[in-house]
Amino acid sequence: MTLLLGIDLGTSSVKTVVFDPHQSQIVAVAAQEYPLDKPQPDRAEQNPETWWQATVETVRRATSSLDRQDIAAISFSGQMHGTLLLDAHNQPLHPAIIWADQRSAAACQTLIDTVGAERYIATTGTLPAVGFMGATLVWLAENASDLLEQTHSVIFPKDYLRLRLTGQVATDISDAAGSGVFDIHQQRWAADILSKVGLPLDCFPDVLPSTEVAGHLTTQAAAALDLPPGIPIVAGCADQPAQAIGNGLIAPGQASVTTGSGGQVFTPIQLDPHQNQTDPGLHVFSHAVPGLAYILGAILSAGLSLRWLRDMTGLTSTPQAYAILSSEAEAVPPGAEGLIFLPYLSGERTPHRDPLARGGFIGLTHFHQRGHLARAVMEGVSMAMRQALALSLSLGGQVDTIIAAGGGAESIVWRQIQADLFGLPLQQSLLTEQAGVGAALLAGVGAEVYPDLPEACAQVVRYGPPTHPDAARHQRYNDLYARFTELYPRLKNDFHWLATF
């Protein structure tokens, strides 16, 4: 009997999942929240020591509840794009600058102007975006060069946890691809791009396959976690491919829509050098599955939009706040009786690539109540996700069913809104904690519990009954969606003007 341990380092919390491969089920989960620091309006940072302490706490709680320590391997899922600077002794020089940070907007343009948009996207599969490691490093070079001069290594958030467990600095192929300065075709750092913008190649870490054993649990880390030393530590991957593994998305012809803090559309593809599989509004990144890539469409404020509404309507401390909002939204007809929500509370990525985009309710009257606002938020987020989905499928090929994931998919009304808007059935994996399970399956492949990821998914992933779209509501939503897509172009100049205040 052996267990697999998956550590999912998110934006708001870390979760440790203990998975039993013999029963194909989770046997323990522990979570610990931590803050997002915003020292200035355009900043988003986190203290890596907070990640480590939360990880120690959750590993100890999850494993102590089982009264057994036969862990075959440990691996990771991690929030993408963020940048952590290390000195020559592998100590953090600065709080981690995470994906939600907005300071690098001008640096993105510097990268495009220096390299050329067409060449950039052909190499990296994406244009640079605010919060991506490449853009953040360019910003640091222009605004905090002394800090960059002290930097010996740059790593992604989940790589810090692996460093604390093994003492080794490295990253994996999926996180490297999310930097915006990685050649997804050659599977190496884009040295030409880095040279053009004056970033040192030697500070970027070695890039490992996601299923490779990257080291073993040190004596010091084992004492902190209350585990035996020497456990294999597998490289792990970014949270999107980890969640995709937990949902069984490991081959072309599949797609998922994740409604988490942000929103993501994930479409696995086989890269074809003779076919254009990129678009400025999308990202093409390397999958954790060897030889596979994926198209990622991303919106920045999905669940965060409903969380904002929860807090603004006085439900922050109410335990059943989201159930209340879902119930009230369900009582409101499609279209929220003449109310549209634009979910650009943190700017927007797909398809607008505009950090200055702004959110808003369009059509608000005295008649509208909290339930109307909740329904409009769910519909507005879902319409933004439909834009990302339509663009992704135009490149990756059509699908018959969408895998629904994330906290938003737990709401029956929100899941039905998405099915009605997309005009496609939605299915959920019967697994919970998909990103943590995905990390555990990576650990299992690294420890040879499974021969490969396809076999791991074949043994583990099962789906529940689909949520089918209603034809009449789909037609009504088509009209609303057409109006929704016209609003951003009409208001863009106003958004940019308002951003100057």
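Since every read-out is calculated from the coordinates, none of them should be taken as a lab result. What you see is a predicted model, and the numbers here were worked out from it, not measured in a lab. No Cβ is skipped: glycine too gets one built from the backbone with ideal geometry, and neighbour counts run over all protein chains shown.
Brief remarks follow.
- Gain on full extension, evaluated as 0.36 nm per residue between Ile362 and Asp87 minus their Cα-Cα distance, stands at 94.1 nm.
- Charges were assigned to the Cβ only: +1 to each Lys and Arg, -1 to each Asp and Glu. The resulting dipole of the chain about its Cα centre is roughly 980 debye.
- Gyration tensor verdict on the range 439-490 (Cα atoms; rounded if a/c is under 1.5, prolate if a/b is larger than b/c, oblate otherwise): oblate
- Spherically averaged projected area in nm², based on the convex hull that wraps the Cα atoms of the range 397-487: 7.7 nm²
- Restricting the calculation to Cα atoms, every distinct pair contributes to the Kirkwood radius of the chain, found to be 22.9 Å.
- For Lys492, the aspartates and glutamates whose Cα comes closer than 20 Å to its Cα, not counting residues fewer than 8 places off in the same chain, are Asp42, Glu348, Asp354.
- Across the range 40-174, C-alpha contacts under 8 Å between residues 6 or more apart give a mean separation that, scaled by the residue count, equals a relative contact order of 30 percent.
- Relative intensity, log₁₀ I(q)/I(0), of the range 164-294 from a Debye sum that treats every alpha carbon as a point, q = 0.16, 0.17 Å⁻¹: -0.91, -0.99
- MRE, 222 nm, helices only [DSSP H, n ≥ 4, -39500 (n - 2.57), over the chain, to nearest 500]: -12000 deg cm²/dmol
- Summarising the amide proton neighbourhood of Gly263: residues at separation of 5 or more, or on other chains, whose placed amide H is nearer than 5 Å comprise Ile299, Leu300, Ser301, Ala302.
- Each residue of the range 4-20 is assigned a 3J(HN,Hα), and the resulting list reads 10, 10, x, 10, 9, 8, x, 6, 10, 7, 10, 10, 10, 10, 9, 10, 9 Hz, derived from the Karplus form 6.51 cos²θ - 1.76 cosθ + 1.60 (θ = phi - 60°), x at Gly and Pro.
- Whole-number D in µm²/s for the range 39-116 (Stokes-Einstein; Kirkwood sum over Cα pairs; 37 °C, 0.692 mPa s): 208 µm²/s
- The range 220-257 residues near the modelled Glu212 label - backbone nitrogen below 20 Å, point 7 Å along Cα→Cβ: 231-239, 241-242
- Residues whose amide H lies under 5 Å from that of Gly360, counting only those 5 or more places away or on a different chain, are Leu342, Tyr344; hydrogens are built 1.01 Å from N in the peptide plane.
- Cα gyration tensor shape of the range 108-199, rounded if a/c is under 1.5, else prolate or oblate by comparing a/b with b/c: oblate
- Whole-number D in µm²/s for the range 5-80 (Stokes-Einstein; Kirkwood sum over Cα pairs; 20 °C, 1.002 mPa s): 161 µm²/s
- For the range 347-358, backbone phi angles converted through the Karplus equation (6.51, -1.76, 1.60; θ = phi - 60°) give residue-by-residue couplings of x, 8, 9, 8, x, 7, 6, 9, x, 9, 4, 10 Hz, Gly and Pro being listed as x.
- Distance from the range 45-81 to the range 219-276 (C-alpha centre basis), Å: 16 Å
- Gyration tensor (alpha-carbon) shape descriptor, the range 354-429, a/c threshold 1.5: oblate
- Derived scalar couplings ³J(HN,Hα) [the range 392-408; Karplus, 6.51 cos²θ - 1.76 cosθ + 1.60; whole Hz; x for Gly, Pro]: 5, 6, 5, 9, x, x, 6, 10, 9, 9, 10, 7, 9, 9, x, x, x
- Added length on full extension, which subtracts the Cα-Cα distance from 0.36 nm per residue, Glu486 to Ala144: 119.1 nm
- Set of aspartates and glutamates near Lys196 by C-alpha distance (under 20 Å), chain-local residues within fewer than 8 positions excluded: Asp113, Glu118, Glu142, Asp146, Glu149, Asp183
- Value of relative contact order over the chain, rounded to a whole percent, pairs C-alpha under 8 Å and six or more apart: 16 percent
- Ranked list, fewest to most other Cβ atoms within 10 Å of each Cβ, for Thr171, Thr365, Thr2, Thr350: Thr365, Thr2, Thr350, Thr171
- Nonlocal amide H pairs with Tyr450, under 5 Å, H built at 1.01 Å: Val445
- A full extension of the chain between Leu430 and His22 corresponds to an added length of 145.2 nm, given 0.36 nm per residue minus the alpha carbon distance.
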